[in-house]
Amino acid sequence: CEVCQEWKNYSNFKLWWDKHKPNYKVDLDKDILFKGNKVYSPETCAFVPHEINTLFVNGKACRGELPVGVYYDTEKGKYRANMAFMGRSIKLGTFDTADEAFARYKEDFVKDIAEQYRKQIPQKVYKAMLNWKVEITD
């Protein structure tokens, strides 16, 4: 990740921070508005509740070559759809194939959480969450 040139001057970042930061605990997020974004900037960042920020952790380091949200349950000999939310693992079901497990993963949950937080998050974050697409390559 990197920081845009404008924010390398702390005064510029502080002005943006003061204008956008709500009065409750939040995370500064750079990749909900623009999937895959690696730059912290005024155009790409938003403050979001930590609960929302945790929705977009992809667990790539733990899952190996399987699609996001899928792992192989050796005990059952099946693929499990699984997601993390607020530090908890939520099991979404077991399936015969990784593709079936992936199909059950996350998009609907992201939309549900967007609705629950609609009045607490910036409109642009809400819209990004409603339009979020989970891809098998994530």
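The values are calculated or read from the model by the stated rules, or taken from the named source; none is laboratory data. None of these values were measured; they are calculated from a predicted model. Positions of Cβ are backbone-derived with ideal geometry, glycine not excepted, and every protein chain shown enters the neighbour counts. Each accessible area value is taken on the protein alone, full model and side chains, heavy atoms only, with ligands, DNA and RNA left out. Shrake-Rupley method; radii C 1.70, N 1.55, O 1.52, S 1.80 Å.
Points worth noting:
- Scanning region 96-109 for residues that are open to solvent by 30 Å² or more (accessible area, probe 1.4 Å) and of a type in the set (A, V, I, L, M, F, W, C) yields a count of 3.
- Residue in region 46-60 that is modelled with pLDDT of 95 or more, open to solvent by less than 80 Å² (accessible area, probe 1.4 Å), more than 13 Å from the chain's Cα centre (by Cα) and not aromatic (Phe, Trp, Tyr) present: no
- Of the residues making up region 110-138, those that are surrounded by 16 or more Cβ atoms within 10 Å (Cβ to Cβ) and farther than 21 Å from Lys21 by Cα number 4.
- Yes/no for Phe85 being surrounded by 12 or more Cβ atoms within 10 Å (Cβ to Cβ), in contact with a Ser or Thr (Cβ under 8 Å, 6 or more places away or on another chain), at pLDDT below 90 and of a type in the set (Phe, Trp, Tyr): yes
- Strands (runs of 3 or more DSSP E) within region 44-138 that include 2 or more residues more than 26 Å from Phe34 (Cβ to Cβ) and not hydroxyl-bearing (Ser, Thr, Tyr): 78-85, 88-95
- Condition met for Lys78 (free of Cβ contacts under 8 Å to residues at least 24 places away in the same chain, more than 18 Å from the chain's Cα centre (by Cα) and open to solvent by 50 Å² or more (accessible area, probe 1.4 Å)): yes
- The residue pairs whose first member lies in region 21-36 and is part of a loop (DSSP other than H, G, I, E, B) and at pLDDT 90 or above, whose second member is open to solvent by less than 30 Å² (accessible area, probe 1.4 Å) and hydroxyl-bearing (Ser, Thr, Tyr), and whose beta carbons are closer than 9 Å, counting only pairs six or more residues apart or on different chains, are Lys30/Ser41; Lys30/Thr44; Asp31/Thr44; Leu33/Thr44; Phe34/Thr44.
- Residue in region 92-100 that is acidic (Asp, Glu), over 17 Å from the mean Cα position of the chain (by Cα) and modelled with pLDDT of 90 or more present: yes
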